[in-house]
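Only one structure is covered here, and it is reproduced in the block below.
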Amino acid sequence: MSGPSDFQPSNPALKWIERRLPIFGLIHSSFVAYPTPRNLNYWWTFGAILSMMLGLQILTGVILAMHYTPHADLAFKSVELIVRDVNYGWLLRNMHACGASMFFFAVYIHMFRGLYYGSYKEPREVLWILGVIIYLLMMATGFMGYVLPWGQMSFWGATVITNLFSAVPYFGESIVTLLWGGYSVGNPTLNRFFSLHYLLPFVIAGVVVLHIWALHVAGQNNPAGVEPKTEKDTVPFTPYATIKDAFGVSCFLIFFAWFIFYMPNYLGDADNYIPANPGVTPAHIVPEWYYLPFYAILRSIPNKLAGVVAMFSAIIILCFLPWLDSARTRSSKYRPLAKQFFWIFVVVCILLGYLGSQPPEGIYVIAGRILTVCYFAYFLIVLPLLARIETPRPVPNSIADDVLAKSKGRAATAASVMLAMVVAGSLLVGGTQNAKAEEGGDNPPAQSWSFSGPFGKYDRGSLQRGLKVYKEVCSACHSLNYVAFRNLADPGGPGYSEAQAAAFASEYKIKDGPNDQGEMFERPGRTADYFPAPFPNEQAAAAANGGKAPPDLSLMAKARSYKRGFPQFVFDFFTQYQEQGPDYVDAILQGFEDKPPAGVTVPDGTYYNKYFPGHAIKMPKPLSDGQVTFDDGSPATVKQYAHDVTTFLMWAAEPHMEARKRIGMQVFFFLVVFAILMYFTKRKVWADAH
Amino acid sequence: MTTASSADHPTRRDFLFVATGAAAAVGAAATVWPLVAQMNPDAATIAAGAPIQVDLAPIAEGQDIKVFWRGKPIYISHRTKKQIQEAQSVALSSLPDPQPDSARVKAGHDQWLVVIGICTHLGCIPIAHEGNYDGFFCPCHGSQYDSSGRIRQGPAPANLAVPPYAFLSDTKIQIG
């Protein structure tokens, strides 16, 4: 990509091709001989990390599309089937869903690095602007991807984001109708979002090619911000940069794997495990964490159109950065004031992200407005002003000088900065959790679960007892649509044999047909059948239960959560605490009180529950002591029932959890060993360069 | 990578590179595994391929029915005396894929032929009661099968496959 190469392959067959298509020369000049500044630090490995993430997202995305059904009635179910039935489907889905977050995490570091070291300055303006375009495309892709599982957050996220365009004067409504393909968000919307979500990553890949092309024309910036002058200032891309990037990638993979295998739902929203319901908006609409700063800016402006304009301007302003900051010195290392303002700006962005996850009320609104002003002031006032008043420190004469000057004590700083970024990042991402506040419900007490933590396993006895409780009590009103009888014999489940599962199934009457006469008939259940629902349809379920259909329980343990609060959610990241759902379900089952506390009344047809948001729950107290008898002598108490049925429901919600944690441990072991090997290999290779 | 400084500890250095390369190869192979394995049938598809039972009582002599098992059409023919006679009397040496009729039906149930109705040429579905051999005729490329489902003429290389099945009673079979 940096002009013609004098590289000639020695193999005659390759020579033959090279004469007709000089592709080996192109690869050699771009990725082997390409001179790269020798003083690049690890922040520069994020380019390689991002390339890897884009490739991985495309790969897992293409695979998921093989199993996904883009239809409003089937999308949610097809995603569940991917996770439950497809071989390694849970792994691929976690990789793709967490991968989106990791992609944004890496791109934010990449962007802040560019900001700090002035990588947008002459002659790299086009390179920078192409990056902003990639970022915009990523946001569009990420948003449309989030719509595809067609859960509550998908649906309402789609509604809210498409409605941004209704702020456009005169044409707003028409644009929104055009985006929807209907009078509201519906099947046509889902279909086109799927199509575009499949298309855009390839567009991104195309712009990435331009981005790299521009990079290879201008050459890489570097921490010193001075251009390479002699050969002493650079090293060839391969092996030096390649091996360093590979080490960076392997470290990043460890971080990524933490989410895939241990915290797959940490970055998601429990509400998205509830199928899309056009009639009910979740209490708190929160976008994915990577949009939160912009969401906060949107909400800070009291005027609809102005808010939308401000939000988009916050991104578009990046395109003008090369001209807003006209300082000669590139790297903030040599700009004492710019360096301080940069870190203030980072904090502003993180705080905006935190505010975006909070309910828009009281102090949050005021803080949001102040920080929005700070955000824009950084670009429009601080940077132009600094360029005029700041006296930069002298920059080194050459990159070689820079390398000699700082060969001491660099690793320690890099490590501490990396740690700070990880903590800051987890603060930001954890902020999402805070928004899921429950008005008027006490926080459930944290329970101890056999399945928590990195080595957690389901307690077989508890699963079997829980199944009994579900069958004898819950199943009178609640369906369990995504669980099949065969699952009872799956590894990592209640531990029944195939024959036991078949016998269990045969106790059920399953409606089948039509037969040769065109009539429906009933037959004994088979292992391939799913637990039959207690009511033929939602209307019947609602009619029989005081007007509100009892929810399906398949995903209940993942579809409920509660506010963990700061700083608890930060610790949760390290302790792998993922059991808000089970805590909540357990608490609800035990939270019924015959008499509401003094001064509290609940409407007719509802019951007082200590832990239910708003306290008035439609479900009457389902469990009482002695209701279910256990064969294994476990106590017949509500506490025991609640614990067992919750364990069972957690398994129903995530039947492959044991496989996830087991494979996770293997992957972790491998990645840590690999990263250590990479580190020493990198050191050996670089030993030659010094 | 080969410069003067590597001469000091060549073996240690080479070992490190080989170990790292080997670890990378193992990691890549382990990553590819789930990416390929996901294309195999999922658990629901496998569960749906469980054995099925078919009641033979309504099928009169000379009639046949088509049922589906694992997405494949299964022909169940109630053969006439003439068809059985023809199937048993053919000289095996004249067949492209020699197989006696007794190997293609269950002993004591000579009248029932159960075959997978997929032409062994390229997967079309042959039509029953057509062709020159009182059996099946494939409209795609003209393969002809006899009353035992054996290939007699045309491009197909092999006889129609017999699915795994067993008689539960004289009038009921289980396929699979």
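Details
- FRET efficiency, 1/(1 + (r/R0)^6) with R0 25 Å, evaluated for A:GLU122 and A:GLU231 via beta carbons: 0.60
- Toward the positive end of the charge dipole of region A:1-94, with +1 on the Cβ of Lys and Arg and -1 on the Cβ of Asp and Glu, the farthest Cα among A:ALA65, A:PHE24, A:TRP44 is that of A:PHE24.
- FRET efficiency for A:LEU74 and A:TRP323, using Cβ-Cβ distance with R0 set to 45 Å, rounded to 0.05: 0.35
- Figure note: A:ARG523, A:ARG20 ranked by solvent-accessible area, largest first, 1.4 Å probe, ligands and nucleic acids not counted: A:ARG20, A:ARG523.
- Counting only residues at least eight positions apart within a chain, or on another chain, the lysines with an alpha carbon under 19 Å from that of A:LYS457 are A:LYS558, A:LYS661.
- Cα principal axis extents for region A:1-58, largest first, Å: 40, 31, 18
- Normalised by residue number, the volume inside the convex hull of the Cα atoms of region B:47-175 is 97 Å³ per residue.
- Comparing B:VAL105, B:VAL18, B:VAL54 in a Gaussian network model of chain B (Cα springs below 10 Å), the most mobile by mean-square fluctuation is B:VAL18.
- Candidate lysines for bridging to B:LYS81, where Cα separation is under 22 Å - those fewer than 8 sequence places away on the same chain excluded: B:LYS66, B:LYS106, B:LYS172
- Exposed-loop-free span, longest in chain A, where chymotrypsin sites (Phe, Trp or Tyr not before Pro) count as exposed if DSSP calls them loop and at most 12 other C-beta atoms lie within 10 Å: A:184-454
- By accessible area with a 1.4 Å probe, ligands and nucleic acids excluded, highest first: order of A:LYS77, A:LYS548, A:LYS610: A:LYS548, A:LYS77, A:LYS610
- In this rough spin-label picture, where each label sits 7 Å from Cα along the Cβ direction, the A:SER506-A:SER450 distance is 2.8 nm.
- The mean sequence separation of alpha-carbon pairs under 8 Å and at least six residues apart, normalised by the residue count of chain B, gives a relative contact order of 18 percent.
- Spatial extent of region A:185-314: Rg and Dmax, with the Cα atoms as the point set, Å: 21.7, 67
- Relative contact order of chain A, defined on C-alpha pairs under 8 angstrom at six or more residues apart (%): 15 percent
- From phi via Karplus (6.51, -1.76, 1.60), per-residue ³J(HN,Hα) for region A:391-405 in Hz, x at Gly/Pro: 9, x, 6, x, 8, x, 5, 8, 5, 4, 4, 4, 5, 5, 5
- Spin-label pair A:LEU21/A:GLN666, simplified geometry with 7 Å Cα→Cβ offset, distance in nm: 3.8 nm
- Taking each residue as 0.36 nm, the span from A:LEU14 to A:ASP401 lengthens on full extension beyond its C-alpha to C-alpha distance by 135.2 nm.
- By the rule of a C-alpha distance below 12 Å, with chain neighbours fewer than 8 residues away ignored, the aspartates and glutamates paired with A:LYS639 are A:ASP586, A:ASP625.
- Expected 222 nm ellipticity per residue - DSSP helices of 4 or more, -39500 (n - 2.57), all of the protein assembly as shown, to 500: -15500 deg cm²/dmol
- Fraction in percent of alpha-carbon pairs per bin - 10 Å, region A:1-144: 10, 27, 25, 23, 14, 2
- On the beta carbon distance between B:ALA22 and A:ALA689, with R0 = 22 Å, the FRET formula returns roughly 0.35.
- Dividing the convex hull volume of the alpha-carbon atoms in region A:62-171 by its residue count gives 147 Å³ per residue.
- Projected onto their three principal axes, the Cα atoms of region A:199-248 cover extents of 43, 24, 17 Å, largest first.
- Projected area averaged over orientations for chain A, convex hull of C-alpha atoms, nm²: 37.9 nm²
- Given A:LYS406/A:LYS684; A:LYS563/A:LYS621; A:LYS471/A:LYS610; A:LYS121/A:LYS406, the pairs whose alpha carbons are separated by over 22 Å: A:LYS563/A:LYS621; A:LYS471/A:LYS610; A:LYS121/A:LYS406
- The orientation-averaged shadow of the Cα convex hull for region A:312-401, equal to a quarter of the hull surface, comes to 7.0 nm².
The values are calculated or read from the model by the stated rules, or taken from the named source; none is laboratory data. None of these values were measured; they are calculated from a predicted model. Glycine gets a Cβ as well: all are built from the backbone with ideal geometry, and neighbour counts include every protein chain shown. For accessibility, only protein heavy atoms count, side chains too; no ligands or nucleic acids. Shrake-Rupley method; radii C 1.70, N 1.55, O 1.52, S 1.80 Å.
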